[in-house]
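K.L.:
Would you mind keeping the following structure in view while I ask a few things?
The values are calculated or read from the model by the stated rules, or taken from the named source; none is laboratory data. Treat the numbers as computed from the prediction; the structure is a model and nothing was measured. Here Cβ is always computed from backbone atoms with ideal geometry, including for glycine, and neighbour counts include all displayed protein chains.
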Amino acid sequence: MNKVDNYVVSKQSMGIEAMDHPEFNVKIFDVRGIFYSKQTVMQLLEEACERKCTDYRGRINAVRKAFDYDRKTPLVICPIEMLYAIPTISPKDYHCKWIFPDHIETYIKKSKRDYILFRNGLQMELNCSRKSLKRQVERGRNSLIHFINYERDLFHSIRNKK
């Protein structure tokens with residue numbers, strides 16, 4: 001079991017899910033393997049945003065203002081790094097899983113349950129339908145592209161004023 005005291009969400013993060021365990025609060029799917037931490041899902045996401053000089057609530061509100069995504073709002077952590085995550089169900093629900101879509105290889109069904117197959121071979125059980133997750137992936141990518149373009153336009157306008 002790979003224990004980590006202070007996991008940092010990055011481009012290597014593939015998914016995060018809460019877990020009922022006496023010692024750990026989250027199971028983290030990472031390109032390097034699976035890690036377990038005492039941090040909570042929201043602590044990880046909030047810290048990821050803070051590292052980029054923002055906060056979770058601000059990022060969620062920005063996406064909601066740009067799009068009509070009032071429920072299961074994607075989280076654009078850093079447009080420059082193209083780092084974003086999507087919730088599988090309401091983030092208010094303890095069992096909400098956060099997926100970093102760029103790592104998804106495909107979807108598979110095992111024993112009547114749906115799973116994400118990540119590019120590194122790890123599998124994460126879904127707690128939503130494939131259709132719902134595919135819609136979430138699309139919403140996440142739309143949000144990311146919107147803010148990448150916003151950052152690019154802002155950069156060019158600042159550069160042209162010099």
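K.L.:
Pick from ALA62, ALA48, ALA66, ALA18: which is touching a residue at least 12 places away in the same chain (Cβ under 8 Å) and under 11 Å from the mean Cα position of the chain (by Cα)?
P.N.:
Just a single option satisfies the conditions, and that option is ALA48.
K.L.:
Also: Just to be sure before I move on: is PHE29 buried (at least 17 other Cβ atoms within 10 Å of the Cβ), within 21 Å of ILE116 (Cα to Cα) and of a type outside the set (A, V, I, L, M) in the structure I sent?
P.N.:
Criteria met by PHE29.
K.L.:
Find the residue count for segment 96-114, including only residues that are part of a strand (DSSP E or B) and closer than 27 Å to ILE60 by Cβ.
P.N.:
Here the count works out to 6.
K.L.:
Restricting attention to strands (runs of 3 or more DSSP E) lying wholly within segment 2-95, give those where 1 or more residues are under 16 Å from ARG141 (Cα atoms).
P.N.:
So the answer is 13-18, 75-78, 83-87.
K.L.:
Let me ask something else about it. Mind counting the residues in segment 115-136 that are over 18 Å from LEU44 (Cβ atoms) and either among the hydroxyl-bearing types (Ser, Thr, Tyr) or outside any loop (DSSP other than H, G, I, E, B) (or both)?
P.N.:
So the count comes out to 13.
K.L.:
Also, I was wondering about something else. Answer yes or no as to whether ILE145 is of a type in the set (A, V, I, L, M, F, W, C) and at pLDDT below 95.
P.N.:
no
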